[in-house]
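Here the structure comes first, spelled out in structure tokens, and everything after it is commentary.
Coordinate-derived values only; no laboratory data. Source: prediction; values computed, not measured. Note that we place each Cβ from the backbone using ideal geometry, even for glycine, and neighbour counts take in every protein chain shown.
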Amino acid sequence: MSNPPLMPKATAVWLVENTSLTFEQIAEFCKLHPLEVRGIADGEVAAGIKGLDPITSGQLTREELERAAKNPAHHLKLAERKVKVPEVKRAKGPRYTPVSKRQDRPNAILWLLRNHPELKDAQIIRLIGTTKSTIAQIRDRTHWNAQTLTPIDPVSLGLSSQIDLDFEVARAAKDRPAALAEVGSTLLPAEETTAPEPAPLSQTFADMSKPKREEEAAIDVDSVFAKLKQMKRPVDEDDEG
């Protein structure tokens, strides 16, 4: 895998404005996501970034650029550097966020919590360089500015690249248990959704015993009238005598 050019986003801005290359060609050369390049063309991403000419900076030859412009399937190759620059290894820890963009982080956090609830706090911290307490405050709506926050895509804010966001979302989806992923994704059969709800057990037993109680009550009434007739009969016979 080839290394990205210096200042890849500024290089992408210049290529979008000054060439007829496809978004895929520019994205592959600058190691960006095609949607991120499309956002640059629409003015939604990298607003205010001045384009960097890769030809004058020695990162791309004019012949290579012309070949790619004539053939959309051509893959741009980074020109060999005359001076080898040691590769800078990124230190582990939260992503550094410029001071000018730190005020946008709460809006980005709110967007991530709403659109990708599967992301862990550590992943959000890696994406936009925030803190765990800030994430908790925005999730619980206890943030001091919670009433005015607006969910905004961190890619459009320039806080994260689309590649990093897709990577973290894919990792979170991979780590999720299969059972949780299937919840809400299947519909119940019509027989189950339209079937009447079963009656409680107490009500069922009451309904079962109701005819028996009525029958017993009827039997008791008949026996009472029979006894009354038997008691009345000797009295009537005495009166006749």
Relative contact order in percent for the stretch 99-182 (Cα pairs under 8 Å, 6+ apart) equals 40
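Going by average Cβ neighbours within 10 Å, how do the peptides 149-160, 49-60 rank, with the highest at the top? Intermediate values should be presented prior to the final figure.
On the way: 149-160: 18.8, 49-60: 16.2.
Taking the mean over residues of other Cβ atoms within 10 Å, the ranking is 149-160, 49-60.
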Quick one: Karplus J couplings for the stretch 27-44, per residue in order, coefficients 6.51, -1.76, 1.60, θ = phi - 60°, nearest Hz, x for Gly and Pro?
5, 5, 5, 8, 6, 10, 7, x, 5, 5, 5, 4, x, 5, 5, 7, x, 8
For the stretch 131-142, in residue order, the Karplus 3J(HN,Hα) values (coefficients 6.51, -1.76, 1.60; θ = phi - 60°; whole Hz; Gly and Pro = x) are 10, 5, 5, 5, 4, 5, 5, 6, 5, 8, 6, 10
Phi-derived 3J(HN,Hα) across the stretch 12-19 with the Karplus relation (6.51, -1.76, 1.60, θ = phi - 60°), rounded Hz, x for Gly and Pro, is 5, 4, 5, 5, 5, 7, 10, 9
Considering amide H positions built from the backbone, and no H for Pro or chain starts, which residues 5 or more places from L52, or on another chain, come under 5 Å of its amide H?
T11, V13, W14
Can you list the residues, at least 5 places off or on another chain, whose amide H is less than 5 Å from the amide H of T61, using H built in the peptide plane?
A79
